[in-house]
Amino acid sequence: MRPLSFALLLLAGCQLDPWQQTSIPGRDASLGDGLSREGTASGDALKADGLPDGIKKDSKCVVDPKGETCDGQDNDCNGTIDDVPQGKLLSDLQNCGKCGNACVYQDAFARCENGACKMGDCAPGHYDLNKKPDDGCEYGCLVTNGGVEACSPGQPDCACDNVDNNCDGVVDETFDKQKDVNNCGSCGNRCLFTHALATCVGGSCVMGACDAGFKDVDQDPKNGCEYTCPVWPPLATDLCDGVDNDCDGKVDEDFVGKACDPFGVSGGACKPGLEACVGGNVVCQGAVGPKPETCNNVDDDCDGTIDNGFDKQNDPRYCGNCTPCKLPHAIAKCTAGTCQIAVCEQGRVDANKDPSDGCEYVCTPTGVEICDGLDNDCDGKKDGADPKMAPLGANPCGSKGACAGATASCQGAKGWVCSYGPDVEFKTCTTDADCSGFATCTGGVCPGVLALEETRCDGKDNDCDGLPDDPWPNVGKPCGEQGKQGICQGTGSWVCDAAGTNIECKLTTPGLVAKDEVCNGLDDDCDGKTDEESDDAAGKGVVDAMVHVNRSVAGKSYNYYIYAYEASRPDADATSAGAKTARACSRSGALPWASVTYTEAEAACAASGKRLCTKDEWVVACQGAAQTLYPYGASYSASACNGLDKGIGAAASTGSLATCVGGESGLFDMSGNVREWTTEQQGTTEPPQSTPIYVVRVGAYHTPAQGLSCTFNYSLAVQNVALPAIGFRCCSDTPP
């Protein structure tokens, strides 16, 4: 049994579980026995510990007793990086012949012989049919039927099963699926067409000739030769008999008719027709015969006389040219072919003696008398002078705000005028024209005409539009104390000033006393800056909770500071991850900052005066002074930290699990909860994007035990991916 390599690859929002064997683009990862995943190694540029190569040794360089290895370091302190002797690279799968040359073959074992990569045996279930190592063992197949093809030469009676039993790349050799009508294209696909010959051509069913007496009229092979010919053999052309004689799916379509005249009359409106085949019979269509005469300037009865029987000189229905006389407000008559007024409608008079506009005016009765300055009922009296004037049915006055309770009185041509109280504002004016005929300009206003916008701030609706003080929409809204900022600023709401011409801020909550800045998204020291790092005259800056790491591990010295808690947003708390992204914070009792890309995490650390942690810094801090496999000890505990076995199922607030502390004293949640970005790059995505892929340590709330150790490094994420299970913490070379 070959060793199983676990990897978690997070690409563009897609997540693979760490117990699944995965081929990871952009990563050189040997499986330990020569079987490797496909990919191309890519890493950061190699850097020297000492002076530039080939000049002289760096006095600070420490010689590694193991000699030079492919690790981007000058191990032998000779001023040259990775000058590894060829003898060490003759069989190294990761550095075959030269540093960084990893031997990788798809689904095949790899080996390094004399500094050259060679492809070995195929992985189980894979075969190298094309004998090209570039694509490895490209053919995936499982041997069945004891490795004997179910349908092969010498077995003519076998069944077609679409299976490559012997994994030679050929399926069902006995059957010609390109021509066999019973297995056309695939096993069991039998070619059948209704009333037609069926053939198999190139693996596709093709319909041939139709059976005698049938025809493919709709040209659709799915229903074969669907049409039964009524005449067989068919005739060359159709007859007018209601039968499809030429078997083309159409009846009597070849009939050509001749001119016909069933009435035997011509002239006037009469005209001959044309023969047509209808229902298998020849009929005459379109012929027009004599009709009863109508007044239309046409000889309808075809007797040679137009409009005989109609009096166009005296009958107002057909006056002049068969045109009815219609005169406004009058009864018309026809005299010598011209329309004239016989009598006006009651109450109307033809004042201008022009019959074309009828009885245009004396008085126009419109109904009962109303208040409009007109004689509506034509009795010689207008408006209030007429005791029959109809009273006002509904109140036309404004009813909102200061207009409530107003009533109207009749003012002649001005109509009904409302009586408003002193709080109502009217439209301002300088001349009567400004009042648009609704009022006379008096004292600079149009009485009864409401102002379009009120000018007084008094809590009243002076323009009666239902909105008190609408020129000041901020009335009642929150406001802040002038001249102060941050938590020191008092708050209140906007109210009308004493003069009633503007608004002012009335404080209801006094500001707080300034204090030292903490990472909470607020301006605690009231200097206009939020969560700043530096101390100033206003107070001390933010001091993130960090742990000092100062030790030597495997001959290498480490002296740096790391966030004690996973990074959170400034406004995060135990129930909300917050929304502010100005900088990263390190404090307990806040949901961690997750769903963050590598670039966003890097920027958040930089904004707090820090940086993302390197892989070594993260692992050294996680293992602590005792170099344990887990931050809390040497053996796995299902309940210590927030992993899959803990059963929480989501990220917990930072530091809320007192058992998940270490390796360094005071360091929380180094296992589980959320994975954390590091600067360790593990290749890139495929070209042309070539996006960097980074290691995210170490596991999250849904990670099983295998992925929760300090050294587990198979959790990867593309630089621009943002997932709920990925967060970060920051490191610094200087104390907070």
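The values are calculated or read from the model by the stated rules, or taken from the named source; none is laboratory data. As the structure is a computational prediction, the values presented were derived from the model and not from experiment. Reconstructed Cβ throughout: ideal geometry from the backbone, glycine too, with neighbour counts over all protein chains shown.
A few notes on this one:
- Considering (1) farther than 28 Å from Leu657 by Cβ; (2) surrounded by 20 or more Cβ atoms within 10 Å (Cβ to Cβ); (3) not aliphatic (A, V, I, L, M), the lone condition that Pro570 does not fulfil carries the number (1).
- Residues that are under 19 Å from Arg697 (Cα atoms) and either without any contact (Cβ under 8 Å) to a residue 40 or more places away in the chain or not β-branched (Val, Ile, Thr) (or both) within the stretch 559-584 comprise Tyr560, Tyr561, Tyr563, Ala564, Tyr565, Glu566, Ala567, Ser568, Ala584, listed in sequence order.
- Screening Tyr563 on (1) of a type in the set (Phe, Trp, Tyr); (2) under 21 Å from Ala651 (Cα atoms); (3) surrounded by fewer than 22 Cβ atoms within 10 Å (Cβ to Cβ) shows it passes everything except condition (3).
- Residue within the stretch 550-569 that is hydroxyl-bearing (Ser, Thr, Tyr), in contact with a helix residue (DSSP H, G or I) (Cβ under 7 Å, 6 or more places away or on another chain) and not in a helix (DSSP H, G or I) present: yes
- Residue match in the stretch 288-301 (condition: touching a helix residue (DSSP H, G or I) at 6+ places or on another chain (Cβ under 8 Å), surrounded by fewer than 16 Cβ atoms within 10 Å (Cβ to Cβ) and either farther than 30 Å from Lys353 by Cβ or modelled with pLDDT of 90 or more (or both)): yes
- Candidates Asp176, Asp238, Asp254: the one that is in contact with a Lys or Arg (Cβ under 8 Å, 6 or more places away or on another chain) and either assigned to a loop (DSSP other than H, G, I, E, B) or at pLDDT 85 or above (or both) is Asp238.
- Residues that are at positive phi and either basic (Lys, Arg) or surrounded by 15 or more Cβ atoms within 10 Å (Cβ to Cβ) (or both) do occur in the stretch 256-278.
- Answer residue from the stretch 383-404, given it is of a type in the set (A, V, I, L, M) and not in a loop (DSSP other than H, G, I, E, B) and is surrounded by the fewest Cβ atoms within 10 Å (Cβ to Cβ) among those: Ala385
- Checking each residue in the stretch 319-338 for being assigned to a loop (DSSP other than H, G, I, E, B) and within 29 Å of Ala287 (Cβ to Cβ) picks out no residue at all.
- Within the stretch 130-155, if we keep just the residues that are surrounded by 15 or more Cβ atoms within 10 Å (Cβ to Cβ) and at pLDDT 80 or above, the residue that is nearest to Cys167 (Cα to Cα) turns out to be Cys141.
- A single entry from Gly500, Gly521 fulfils the requirement of being in contact with a Pro (Cβ under 9 Å, 6 or more places away or on another chain) and at positive phi: Gly521.
- Residue within the stretch 320-328 that is within 30 Å of Gln411 (Cβ to Cβ) and either touching a residue at least 24 places away in the same chain (Cβ under 8 Å) or of a type in the set (Phe, Trp, Tyr) (or both) present: no
- Here Gly100 meets each of (1) assigned to a loop (DSSP other than H, G, I, E, B); (2) without any contact (Cβ under 8 Å) to a residue 24 or more places away in the chain; (3) within 26 Å of Gln682 (Cα to Cα); (4) under 44 Å from the mean Cα position of the chain (by Cα) with one exception, condition (2).
- When restricted to residues that are part of a loop (DSSP other than H, G, I, E, B) and within 21 Å of Asp164 (Cα to Cα), the stretch 111-129 contains 5.
- Annotation note: of Gly373, Gly304, the sole residue that is without any contact (Cβ under 8 Å) to a residue 60 or more places away in the chain, within 30 Å of Ala413 (Cα to Cα) and surrounded by fewer than 15 Cβ atoms within 10 Å (Cβ to Cβ) is Gly373.
- Residues that are within 26 Å of Cys519 (Cα to Cα) and either at pLDDT below 95 or not aliphatic (A, V, I, L, M) (or both), drawn from the stretch 700-736: Tyr701, Pro724, Gly727, Phe728, Arg729, Cys730, Cys731, Ser732, Asp733, Thr734, Pro735, Pro736
- Boolean, Tyr630 is in the same structural domain as Thr599 (by TED's automatic domain parsing), closer than 13 Å to Ala705 by Cβ, surrounded by fewer than 22 Cβ atoms within 10 Å (Cβ to Cβ) and of a type in the set (Phe, Trp, Tyr): no
- Residue satisfying all of: in the stretch 604-662; assigned to a helix (DSSP H, G or I) and without any contact (Cβ under 8 Å) to a residue 60 or more places away in the chain; farthest from Tyr563 (Cα to Cα) among these: Lys646
- Residue tally, condition touching a strand residue (DSSP E or B) at 6+ places or on another chain (Cβ under 9 Å), surrounded by 13 or more Cβ atoms within 10 Å (Cβ to Cβ) and in a loop (DSSP other than H, G, I, E, B), over the stretch 498-536: 15
- Checked across the stretch 575-589, the condition of being crowded, with 24+ Cβ neighbours inside 10 Å, in contact with a Pro (Cβ under 8 Å, 6 or more places away or on another chain) and assigned to a helix (DSSP H, G or I) holds for no residue.
- Residue in the stretch 340-360 that is touching a helix residue (DSSP H, G or I) at 6+ places or on another chain (Cβ under 8 Å), more than 30 Å from Asp383 (Cβ to Cβ), at pLDDT 85 or above and in a strand (DSSP E or B) present: yes
- The number of residues in the stretch 704-736 that are under 23 Å from Val547 (Cβ atoms) and not in a strand (DSSP E or B) comes to 12.
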